[in-house]
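Worksheet: the structure to be examined is printed underneath.
Just so you know, all these numbers are worked out from the coordinates, no wet-lab data involved. All values derive from a computational prediction rather than experimental measurement. Cβ sites come from the backbone with ideal geometry, for glycine too, and all protein chains shown count toward neighbours.
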Ligand code: SAM
Ligand code: SF4
């Protein structure tokens, strides 16, 4: 059974990263279909108390857009056993909310930042908001939500040539950089394997400026393969979902903002817990439905199979 739960709190976002969303945005979920704060907490509680969930990551869309976020974090931390609670965010507004999130017990934060060049940032995200992200990163650090991790997706000819510069920035500020291979989860279905920057290409470009050696620490079920930079202790991670898939050790399960359980990012089926939740189902009955949904988890994402079909929902609607 999975022990790591990713909860999407909204499918909405204030950026438009080209590898995730189209410029005009997407048709957002109607409010009545989105789980309320109480419904989110009830499902997370069932996960922790009945299904062995030990880590909860809130994501989206942009989770900082959710007004009740700090309260949801605090109520999740108060569960027993208390799960590790983290956030994946674009950090817009984090400089204002980091204090409340730290007070609520947030353990860790992953901030998505693909470049530190203002023009390139705007080209990728279609918004001129680099300064807000940098302020958000600094606030998380100041509030002790550490280690602050930075997630980056590299796009050929757009920011891949600046990977070493981004690593240098992260080393300077004591943020841990993790570079993620681009996955076929964009709403526009524009992904191609040829255009994707591979983990091998990432190493080649980083090794022009840094010495990378395998991290002696055990990787476990972590998706990032980590390396010591210039002998350590600083590290850099590469999440090579496409060229070095780690499906065999995956311990994740996902809950969408409208209450559907997905047993894989690439799953084509979902299990509707919201209907059960809004009906008369007991926690035990919801847990049983959730368990059943996990039984159909496939052994791999199958991106290399001829029959691979991109899931109907894109990354921002699933919860990355
Ligand atoms: N808005 C928040 C953020 O950007 O951190 C949380 C949601 S976002 C969908 C979560 C992560 O998914 C981000 O780190 C983003 O870079 C990554 N992501 C989005 N689309 C992707 C894609 N097609 N391939 C790989 N990673 C992607
Ligand atoms: Fe928004 Fe995150 Fe998708 Fe960028 S990656 S558009 S910040 S949901």
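Quick one: in the chain, what % of C-alpha pairs are over 31 Å apart? Don't jump to the answer; show the numbers that get you there.
Numbers: 13932 of 51040 pairs.
Here the tail beyond 31 Å accounts for 27 percent of pairs.
Quick one: Kirkwood hydrodynamic radius for segment 122-259, alpha-carbon pairs, angstrom, one decimal? Walk me through the intermediate numbers first.
Details: mean 1/r = 0.0608 Å⁻¹.
After inverting the mean inverse Cα-Cα distance, the result is 16.4 Å.
Cα centroid distance between segment 268-300 and segment 236-250, in Å?
26 Å
Restricting things to alpha carbons, tell me how big segment 1-138 is in terms of Rg and Dmax, in Å.
In Å, with Rg to one decimal and Dmax whole: 15.5, 48.
For residue 67 and residue 189 in the same chain, what is the full-extension length gain: residue separation times 0.36 nm, less their Cα-Cα distance, in nm? Could you put the intermediate results ahead of the total?
On the way: separation 122, 0.36 × 122 = 43.92 nm, distance 3.09 nm.
That works out to 40.8 nm of additional length.
If r is the Cβ-Cβ distance from residue 99 to residue 127 and R0 is 22 Å, what FRET efficiency results, to the nearest 0.05?
E between residue 99 and residue 127, to the nearest 0.05, is 0.35.
Equivalent ellipsoid semi-axes for segment 182-250, as square roots of 5 times the alpha carbon gyration tensor eigenvalues: give them largest first, rounded to whole Å. Mind showing how you got there, number by number?
Numbers: eigenvalues 120, 55, 13 Å².
Semi-axes from the Cα gyration tensor: 24, 17, 8 Å.
What is the order of 295, 166, fewest Cβ neighbours within 10 Å to most? Could the numbers behind the result be given before it?
Numbers: 295 8, 166 23.
Listing 295, 166 from fewest to most nearby Cβ atoms yields 295, 166.
How do 173, 189, 50 rank when sorted from fewest to most other Cβ atoms within 10 Å of their own Cβ? Walk me through the numbers before you get to the answer.
Working: 173 13, 189 10, 50 16.
Ranking 173, 189, 50 by Cβ neighbours within 10 Å, fewest first, gives 189, 173, 50.
Alpha carbons only, please: Rg and Dmax for segment 233-298, in angstrom.
Both quantities, over Cα of segment 233-298: 15.4, 52 Å.
Take the chain, connect every pair of alpha-carbon atoms lying under 10 Å apart with a spring to form a Gaussian network, then pick out the residue of 207, 62, 217 with the largest mean-square fluctuation.
Checking each option, the largest mean-square fluctuation is seen for 217.
Mind telling me which of 202, 44, 253 comes out most flexible in a GNM of the chain, alpha-carbon contacts under 10 Å?
Comparing 202, 44, 253 in the GNM, the peak value goes to 202.
Using a basic spin-label model with each label point 7 Å from the Cα along Cα→Cβ, how many nm lie between residue 14 and residue 222?
3.0 nm
Can you tell which of 57, 298, 178 shows the greatest fluctuation in a Gaussian network model of the chain with Cα springs below 10 Å?
It is 298.
Step by step: find N for segment 1-67, compute 2.2 N^0.38 Å, then divide the Cα radius of gyration by it. What's the final number?
Details: Rg = 13.8 Å, N = 67, 2.2 N^0.38 = 10.9 Å.
Ratio of Cα Rg to 2.2 N^0.38 Å: 1.27.
Mind jotting down the distance between the C-alpha centroids of segment 72-145 and segment 175-215, whole Å?
With segment 175-215 and segment 72-145 each reduced to a Cα centre, they are spaced 22 Å.
Rounded to the nearest 5, what % of DSSP beta bridges with both residues in the chain are antiparallel? Before the final figure, lay out the partial values.
On the way: 12 of 41 bridges.
Bridges in the chain are about 30 percent antiparallel.
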